[in-house]
Amino acid sequence: MHDIVLASGNLGKIKEIQALLTDYLLVPQSVFNVAEVEETGSTFVENAILKARNAALHCNLPAIADDSGLVVDALNGAPGVISARYAGIGSSDQQNLEKLLQELAGVPEQQRSARFICVMVFMKHADDPFPVIAQGVWEGRILDHASGTNGFGYDPVFWVPEQNCTSAELSAAAKNSLSHRGQALRLLTALIKSGAS
Ligand code: ITT
């Protein structure tokens with residue numbers, strides 16, 4: 001297996017993906033100084049393809065990209081594809097999380113259902129017409145306060161009912177075994193190994 005470039009600049013994601021893809025030599029795109037592409041798509045899959053294509057083009061290597069986000073029912077699906085910039089371009093995880101709590105202020109517990117979505121894409125080269133695509137969904141709900149320090153992004157407010165804690169209170173291994181990203185990655189690796197592309 002040749003090197004695969006990982007088309008992400010998010011350290012939290014990179015750690016989670018590397019922990020699961022042990023069979024592959026993954027190189028983060030920062031090693032090649034790849035400039036991040038603008039995420040102009042209106043769906044996770046479009047943005048994942050844009051990121052993978054950009055990295056494959058600049059590194060001349062196969063590429064894996066993740067586009068992910070949080071979908072909240074009471075907010076008609078927001079923050080969705082703009083989860084990383086919900087409080088504005090360049091906003092921190094903390095600012096995004098605070099905006100989410102503000103938007104949900106007063107919404108009762110039973111109406112705070114939400115899910116993390118992840119779409120992972122593998123492209124053999126920048127012009128690959130048949131990318132391997134895998135999706136994962138993780139159901140939960142949004143608390144009215146933050147709890148826990150593990151993970152990244154919205155983890156401190158994402159309640160995982162089957163574990164009775166937030167995703168920021170799970171160990172890295174426990175989160176990977178349940179999460180949207182873990183699900184998508186396991187599927188993606190199975191598809192790659194089965195020669196799906
Ligand atoms: P790259 O595009 O460089 O990979 P990014 O952070 O901009 O990094 P996305 O556009 O896919 O990535 O946005 C994903 C955002 O969704 C991320 O910044 C978090 O705010 C949120 N998110 C996704 N997965 C998450 C997880 O496992 N835990 C907490 N928040 C998550």
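The values are calculated or read from the model by the stated rules, or taken from the named source; none is laboratory data. Quantities reported herein were computed from a predicted structural model and do not represent experimental measurements. Glycine also receives a Cβ, built like all others from the backbone with ideal geometry; neighbour counts cover every protein chain displayed. Ligands, DNA and RNA are stripped out before the accessible areas are found, and what is left, the full protein with its side chains, is counted by its heavy atoms. Shrake-Rupley method; radii C 1.70, N 1.55, O 1.52, S 1.80 Å.
For the reader, a short list of remarks on this structure follows.
- Put simply, of GLY148, GLY77 the only residue that is in contact with a Pro (Cβ under 7 Å, 6 or more places away or on another chain) and in a loop (DSSP other than H, G, I, E, B) is GLY148.
- Total residues in segment 70-86, condition touching a Leu at 6+ places or on another chain (Cβ under 8 Å) and either modelled with pLDDT under 95 or more than 7 Å from the ligand (Cβ to nearest atom) (or both): 6
- Residues that are at positive phi and open to solvent by less than 20 Å² (accessible area, probe 1.4 Å), drawn from segment 141-175: GLY153
- ASP67 meets all of the listed conditions (1) of a type in the set (Asp, Glu); (2) loosely packed, with under 15 Cβ neighbours inside 10 Å; (3) within 14 Å of the ligand (Cβ to nearest atom) but one, namely (2).
- Sole exception among (1) under 16 Å from the mean Cα position of the chain (by Cα); (2) in a helix (DSSP H, G or I); (3) polar (S, T, N, Q); (4) within 10 Å of the ligand (Cβ to nearest atom) for GLN18, by number: (4)
- Selection from segment 27-54 of residues that are free of Cβ contacts under 8 Å to residues at least 60 places away in the same chain, among the aliphatic types (A, V, I, L, M) and open to solvent by less than 30 Å² (accessible area, probe 1.4 Å): VAL27, VAL34
- All of (1) away from the ligand (no atom under 13 Å from the Cβ); (2) surrounded by fewer than 16 Cβ atoms within 10 Å (Cβ to Cβ) hold for LEU188 with one exception: (2).
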